[in-house]
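Written out below as structure tokens is the structure these notes cover.
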Protein chains: 2
Amino acid sequence: MQGEIEFWFDFASTYSYVAAMRIEEASARVGARVLWRPFLLGPIFEAQQGIKDSPFNVNPARGLYMWRDLERLCAKYRLPWRRPSVFPQNSTLASRIAAVATEESWGPDYVRAVFRANFAEARDIAARRVVESLLAQVGADPQAVFARAELSENKPRLRELTTQAVRLGIFGAPNFIVNGELFFGQDRLEDALALLSE
Amino acid sequence: MQGEIEFWFDFASTYSYVAAMRIEEASARVGARVLWRPFLLGPIFEAQQGIKDSPFNVNPARGLYMWRDLERLCAKYRLPWRRPSVFPQNSTLASRIAAVATEESWGPDYVRAVFRANFAEARDIAARRVVESLLAQVGADPQAVFARAELSENKPRLRELTTQAVRLGIFGAPNFIVNGELFFGQDRLEDALALLSE
């Protein structure tokens, strides 16, 4: 068996954290390659729902449930968890770097490092020094990566990914795409991968 | 192993349909008894989100995904599926009957019959004659059941269930409660039941 699974995520998204930490192992079991697709939920929530905040903050009942659910999911999958002091974090900077990093050998490690910083270490992923230290931690050259992300041909990448997410019908995160089928929600990872076994 | 699982559902909810058709068999596997809890999402959506329609209609991207997802889930669980011509259907009448029916031996059959009428047969579950025919179909006496539902001590039941749903932190459907833990979404049925095996 083989194939590809696109993983569409936002670093600010709690359920994307769980998916990001699980996807490599789950995909490896069916021999699938992960294609990492960072994008920004903010502009999508604003355009589709007219809100400038996370739906989990806008609707406190949903938020209350989500925080408890995250604790449970992290226990289930044995993932470290620490509720961030700021939610949602501004994920633009970390995502702009991810948009040029995901093709690199250290790209997936960088993605996991950012998620861990946000949801296991309660660090400020909007701070350039934090992103730089995460890049160094995964063996990349922070200055070179930032310089590359700022090149005129690379700068629009994140916006293009977000536009593409809208075209794909995305309205939240995380999402998986297998054989052109969109799956929304971290708990649908296995259903998405099952398409590759049919 | 034994225990109880509360199943909170709205007849208008597509994902509640999938859960309703799966829950008895899944619960039987772990020896759990199902407690059926009909309630109305409409007042909750209005109070929490300020909308008078399904969130799947309010946000077309979410709606488009949901309809495709339902086809897939029904194929996965081998459930009949026919997209209703009206969505969401007004589920008040059928739910008022469910509020007095779920303790009856034919109660669970009635719940499944209403869901099937809505999502497999595209019938109008807001019509009294449809609800009457579903009651007859499961072996109940339609006139007697309607008379009972209209007794002054029974009439407030559905509203009380909806109030209780809010108190439990419910913001959508379906939901499962096991050992005081709330699980939202039909795909969390197995996680909820797993609490009984711990």
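The values are calculated or read from the model by the stated rules, or taken from the named source; none is laboratory data. Treat the numbers as computed from the prediction; the structure is a model and nothing was measured. Glycine gets a Cβ as well: all are built from the backbone with ideal geometry, and neighbour counts include every protein chain shown. The protein model used for the area step is the full one, side chains on, heavy atoms only, and it has no ligands, DNA or RNA in it. Shrake-Rupley method; radii C 1.70, N 1.55, O 1.52, S 1.80 Å.
Brief remarks follow.
- No other residue among B:GLU150, B:GLU160, B:GLU132 is in contact with a Phe, Trp or Tyr (Cβ under 9 Å, 6 or more places away or on another chain), without any contact (Cβ under 8 Å) to a residue 24 or more places away in the chain, more than 14 Å from every other protein chain (Cβ to nearest Cβ) and among the acidic types (Asp, Glu) apart from B:GLU132.
- Test: residue in segment A:23-44 that is within 12 Å of chain B (Cβ to nearest Cβ), among the small types (Gly, Ala, Ser) and surrounded by fewer than 14 Cβ atoms within 10 Å (Cβ to Cβ): no
- Breaking point among (1) in contact (Cβ under 8 Å) with a residue 60 or more places away in the chain; (2) within 14 Å of chain A (Cβ to nearest Cβ); (3) not in a helix (DSSP H, G or I), for B:LEU73: (3)
- Matching residues in segment B:163-198 - criterion: being over 16 Å from the mean Cα position of the chain (by Cα), more than 11 Å from every other protein chain (Cβ to nearest Cβ) and open to solvent by less than 50 Å² (accessible area, probe 1.4 Å): B:VAL178, B:LEU193, B:LEU196
- Verdict on B:GLU6 being out of contact with any Ser or Thr (no Cβ under 6 Å at 6 or more places or on another chain) and surrounded by 14 or more Cβ atoms within 10 Å (Cβ to Cβ): yes
- Of all residue pairs spaced 6 or more apart or on separate chains, those with beta-carbon atoms under 7 Å, a first member in segment A:180-198 that is more than 16 Å from A:SER13 (Cα to Cα) and small (Gly, Ala, Ser) and a second member that is modelled with pLDDT under 95 and open to solvent by 40 Å² or more (accessible area, probe 1.4 Å) are A:SER197/A:MET1.
- The set of residues in segment A:68-91 that are open to solvent by 40 Å² or more (accessible area, probe 1.4 Å) and polar (S, T, N, Q) comprises A:SER85, A:ASN90.
- Residue within segment B:141-162 that is surrounded by fewer than 17 Cβ atoms within 10 Å (Cβ to Cβ), under 30 Å from A:VAL58 (Cβ atoms) and of a type in the set (Ser, Thr, Tyr) present: no
Yes/no per residue for (1) of a type outside the set (A, V, I, L, M, F, W, C); (2) farther than 30 Å from B:GLU150 by Cα:
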position	(1), (2)
B:GLU46	yes, no
B:LYS52	yes, no
B:ASN59	yes, yes
B:VAL86	no, no
B:ILE97	no, no
B:THR102	yes, no
B:PRO108	yes, no
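- Members of segment A:45-56 found to be over 20 Å from A:ARG157 (Cβ atoms) and either touching a residue at least 60 places away in the same chain (Cβ under 8 Å) or open to solvent by less than 50 Å² (accessible area, probe 1.4 Å) (or both), listed by number: A:PHE45, A:GLN48, A:ILE51, A:SER54, A:PRO55, A:PHE56
- Any hit, segment B:9-32, residues being part of a helix (DSSP H, G or I) and of a type in the set (Asp, Glu): yes
- Check on A:TYR65, buried (at least 16 other Cβ atoms within 10 Å of the Cβ) and among the hydroxyl-bearing types (Ser, Thr, Tyr): yes
- Looking only at residues of segment A:92-117 that are among the hydroxyl-bearing types (Ser, Thr, Tyr) and either open to solvent by less than 10 Å² (accessible area, probe 1.4 Å) or within 14 Å of another protein chain (Cβ to nearest Cβ) (or both), we find that the one that is farthest from the chain's Cα centre (by Cα) is A:TYR110.
- Scanning segment A:40-74 for residues that are of a type in the set (S, T, N, Q) and over 13 Å from B:ALA61 (Cβ atoms) gives A:SER54, A:ASN57, A:ASN59.
- Complete set of residues in segment B:76-109 that are more than 23 Å from B:SER27 (Cα to Cα) and not in a loop (DSSP other than H, G, I, E, B): B:THR92, B:LEU93, B:ALA94, B:ARG96, B:ILE97
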